[in-house]
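A.B. asks: Here you go, one structure.
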Amino acid sequence: MKKIAIISLCLLLGVSIAAAAPGVRQQQTTSLTTTGTFSGDITHQRPGTDATIVGTISGTYEMGNRSGRFTGDWATGNKTGTFRGGFGRHILLGKISMMVDGTEKSLPIIGFIGAKDGVFIGRAMSLIGPALYFKGNYT
């Protein structure tokens with residue numbers, strides 16, 4: 001019984017000293033939020049010199065510490081619509097919508113995205129249609 005009391009007292013004393021020490025305290029981090037715009041092209045092949053552009057995208061984004069969200073418009077040929085969603089390190093999840101015969105139709109999208117030095121590139125796919133590549137600039 002005496003051992004338990006001594007161990008408890010030492011543990012209480014050690015925790016108190018560690019909590020009061022200035023170098024041990026956890027620093028609070030502030031959330032950095034960045035907003036901006038993006039615009040880019042949609043292709044069937046990987047973006048490059050021989051890729052045929054089949055559409056365009058543009059919109060806005062909001063970036064947090066580790067993830068972000070976006071909303072924008074897309075256009076291919078004579079069809080247009082909107083898209084929105086979120087992204088993490090390299091994954092993209094969202095919803096793409098368009099008007100068909102006066103009714104809004106939407107599909108989920110999933111994809112991969114990478115960004116560096118004001119340029120983003122990625123690939124997205126849905127339940128219907130081919131997987132499309134996209135590349136553009138953000139500010």
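A short reminder: the numbers here are calculations on the coordinates, not readings from a lab. This structure is a prediction, so every number in the text was calculated from the model and none was measured. Methodologically, a virtual Cβ is constructed for each residue, glycine included, from the backbone with ideal geometry; neighbour enumeration extends over all protein chains shown.
A.B. asks: Of G118, G72, G102, which residue is free of Cβ contacts under 8 Å to residues at least 12 places away in the same chain and either out of contact with any Lys or Arg (no Cβ under 8 Å at 6 or more places or on another chain) or under 17 Å from T35 (Cβ atoms) (or both)?
C.D. replies: From the options G118, G72, G102, the qualifying one is G102.
A.B. asks: Anything in segment 85-137 that is within 18 Å of E62 (Cα to Cα), surrounded by fewer than 18 Cβ atoms within 10 Å (Cβ to Cβ) and in contact with a Pro (Cβ under 8 Å, 6 or more places away or on another chain)? List them, or say none.
C.D. replies: Those that are within 18 Å of E62 (Cα to Cα), surrounded by fewer than 18 Cβ atoms within 10 Å (Cβ to Cβ) and in contact with a Pro (Cβ under 8 Å, 6 or more places away or on another chain): L93, K95, I121.
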